Amino acid sequence: MEDNRIVELYWERKEEAIRETALKYGRLCAYIAGNILSSHEDCEECVNDTYLALWNAIPSQRPSRFPAFVGRIARNLALKRYEYLSAAKRNPAAVTSLEELGDCVSGAESVESEAEKGQIERAITEFLWQQKEEKRNVFIRRYWYFDSVESICKSTGFTQSKVKSILYEMRQKLRKYLEREGFGL
């Protein structure tokens, strides 16, 4: 089913929208949540929460890029779940990914930092679109989807050394870019 038709089903408040979303994007949601959460049960719960969040969000919003909208909701819910569970157990891959980016983007929460959040997101998006596609894809797979370096190597055919080098170079460029844009890190 086409994405615009699925969105229409949400607007019409038909439960078929959830079934169609699960058929078309269930694996994407599970993949995103699975790379962040270490438990299958937590991942499954996150995917189900994604469908509920879509049900609640779409009548007031009409996403133009439905797959990105679904993925963003799944990722945000998985990160919230991870934060909740992190006191008891940790997913080393997600922790490593977040620590790598720690030098570029601060995680400190305050009223001021919350206000800048949207501006930083836009700046990072602009930065990524200025990069070569292969480097951008490696960066996104690592820091958006939390793929392991090994997984990125398998899908790209790059060596671990090359992937690590790309990630290091991209982090350094991102840091400089954000500083030029006026974001104190």
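Read the figures in this text as sums done on the coordinates, not as results from a lab. Here the structure is a predicted model, which means the values were calculated and not measured. Here Cβ is always computed from backbone atoms with ideal geometry, including for glycine, and neighbour counts include all displayed protein chains.
Report note on the peptides 77-86, 9-18, 25-34: ranked by the mean count of other C-beta atoms within 10 Å, highest first, their order is 25-34, 77-86, 9-18. Were the residues from N137 through E83 laid out at 0.36 nm apart, the gain over their Cα-Cα distance would be 16.9 nm.
Report the full-extension gain for the segment N76 to E15: residue separation times 0.36 nm, less the Cα-Cα distance, to one decimal in nm.
On the way: separation 61, 0.36 × 61 = 21.96 nm, distance 2.30 nm.
That pair, N76 and E15, stretches by 19.7 nm at full extension.
Grab the Cα-Cα distance for E169 and S60, subtract it from 0.36 nm times how many residues apart they are, and report the gain in nm with one decimal.
On the way: separation 109, 0.36 × 109 = 39.24 nm, distance 4.02 nm.
The span from E169 to S60 would gain 35.2 nm if fully extended.
Of K132/K154; K80/K173; K24/K173, which ones are farther than 25 Å apart at the Cα? Violating the 25 Å Cα-Cα cut-off are K80/K173; K24/K173.
List the residues of the stretch 65-79 whose backbone N lies under 17 Å from a point placed 7 Å from the Cα of E2 along the Cα-to-Cβ direction. Backbone N within reach: 65-67.
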